[in-house]
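Report on one structure; see the data block that follows.
Laboratory data are not the source of any read-out in this text; all were calculated from the coordinates shown. What you see is a predicted model, and the numbers here were worked out from it, not measured in a lab. Every residue, glycine as well, gets a Cβ built from its backbone with ideal geometry; the counts of neighbours run over all protein chains shown.
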């Protein structure tokens with residue numbers, strides 16, 4: 001009987017240790033990639049905002065594509081390096097990878113839809129990209145946080161989602177989206193939902209090394 005109790009206790013400890021290691025490995029990886037996207041988005045947003053204020057040239061908005069180009073190139077490179085460090089992918093890793101793959105597919109679809117409307121109909125629907133970035137992305141981050149039981153993702157994503165819902169209501173109510181307040185809101189939202197959680201995750205990961 002004593003041997004059985006010891007084995008049960010050891011089994012629970014092994015399972016708990018595996019869960020902790022899985023969360024730690026993924027958190028370290030996701031923290032790095034999330035920080036890359038956060039700083040990249042905030043940096044390009046600030047650049048576009050400043051250039052719009054200085055030049056008043058709408059062509060500056062084409063710089064937004066740098067986010068997808070740079071991020072699209074950097075993400076698989078970073079993910080491949082982290083995959084080597086983590087080793088075998090767990091079921092949790094696969095769920096979260098698929099979750100963010102859906103976000104990537106949605107981003108591509110939304111971008112081409114807006115571009116197609118512009119080229120074919122001459123309709124400016126780029127404001128939809130702000131709504132996408134502040135609704136679909138925060139939703140995925142909140143789901144990520146729930147899966148990993150990480151509150152920084154949940155709270156950061158909730159702030160970004162609140163900003164996205166507010167923008168969606170402004171668009172539905174035909175409220176003009178002036179750069180003077182939309183850009184600061186967009187930047188603050190991404191700082192809250194990507195940069196701050198990214199640093200929180202990296203700090204937690206380093207404590208377990």
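Values computed for the structure shown
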quantity: FRET efficiency, 1/(1 + (r/R0)^6) with R0 25 Å, evaluated for residue 39 and residue 62 via beta carbons; calculated: 0.75
quantity: Nitroxide proxy distance, nm - points 7 Å out along Cα→Cβ at residue 168 and residue 127; calculated: 1.5 nm
quantity: Calculated FRET efficiency for the pair residue 73/residue 175, C-beta based, R₀ 41 Å, to 0.05; calculated: 0.70
quantity: Near-label residues of the range 162-192 by backbone N, under 19 Å of a point 7 Å along Cα→Cβ of residue 47; calculated: 183-184, 186-188, 190-191
